[in-house]
Structure formats: C-alpha cells, structure tokens
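Here is the structure we will look at.
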Amino acid sequence: MTDAPTPQRHVAASYERPRCIVVGVDGSVDAAHAMAWAATLASAVDAEVVAVHAVGLLSVIDGQVRPSDQVRDALARQVTEWATPLIDSGARHRIVLEDGPPGLVLLRVAEREHAGLIVSGTRGLGSADGALLGSTSHHLLRFSRVPVVVVPHLDI
C-alpha cells in the first residue's frame, strides 16, 4: 500500500506588523466595535487604518448603475460620522467609499492598499438575527489573502 501524498499548503514563515489595516464600516454596532479594535491596534503598531464603506448600486444614471453625486455626498458625511471614534483615537486613517458588494470591496481595497490585515464586525446591517457570522465576514474569511480578524460583539 502506498502512502497518499501530503497536501501542500503555502504557509508564510512569519507575518510582519501590519502597516495598513482595512476595516469595514456600515453604521452597525458590530462595525463600530471592529473599527474601535482596529484603531487600538493601529495606534499600538503605528499602522494606518483605511475605513471602507461599500456603496450599494443605487440608481441608473446615463445608462449605468451607480450612486448619484447627492447620495454619495450624503454617504460620505454619514461614514465620517460613523468614523468619529476612529478620528478621535488619533490613529492615522483614511475613509474610502467604493462601489460594490461589501466583501468584494473590502478585498479589493485591501489588495490595492497592500493591507496586512482586514478587520470586520461579526455581522453588519444586512445580517439575519441569530446568524453567528454575516455574509461579508464569511466572504472575507474564505477569500482573503491576508489575515482577517472578525471582532465579536456579544449581547450578554
């Protein structure tokens, strides 16, 4: 009997401290906890936080589906309000609004920014009650090429 080959897995020898941390923000309590956690870590390791809000495709303009400028301006103000704890933390940060589904947007921004870590809340605004993980967190854990931290928020 021959032994079956051992599956090969690519394992990094070590991880450096993240210089860029991408965190999803959507106005949910879980996202607020994730943002606070990311800000604390960023301050401790001198990293920049890129707070990302995925903009839903809201209207058809000139034959293309995209958010209107008025909607985008209102969202930018709202996301800045959601990011107040991040701003108050003193951590270096930027706020990014990008079109598309949240999981894909967070992965795309993380790749573009060369992020060393993605942080997400357990569940966002669109998650069903009782779900342990929302679809975005699940998507990130499944497809990310960098470490993902899912920050729990337990109502006890």
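Brief remarks follow.
- A single member of V60, V49 is under 20 Å from G116 (Cα atoms) and either modelled with pLDDT under 95 or in contact with a helix residue (DSSP H, G or I) (Cβ under 8 Å, 6 or more places away or on another chain) (or both), and it is V49.
- Residue check: R66 meets all listed conditions (1) surrounded by 15 or more Cβ atoms within 10 Å (Cβ to Cβ); (2) modelled with pLDDT of 70 or more; (3) charged (D, E, K, R) but one, namely (2).
- Scan of segment 85-104 for residues that are modelled with pLDDT under 90 and of a type in the set (V, I, T), ordered by number: I87
- Looking only at segment 73-123, and only at residues there that are charged (D, E, K, R) and touching a residue at least 40 places away in the same chain (Cβ under 8 Å), the one that is farthest from S135 (Cα to Cα): R92
- When residues of segment 105-121 are limited to those that are farther than 13 Å from V23 by Cβ and either more than 11 Å from the chain's Cα centre (by Cα) or at pLDDT below 90 (or both), the one surrounded by the fewest Cβ atoms within 10 Å (Cβ to Cβ): H114
The values are calculated or read from the model by the stated rules, or taken from the named source; none is laboratory data. These figures come from a predicted structure and were not determined experimentally. Cβ sites come from the backbone with ideal geometry, for glycine too, and all protein chains shown count toward neighbours.
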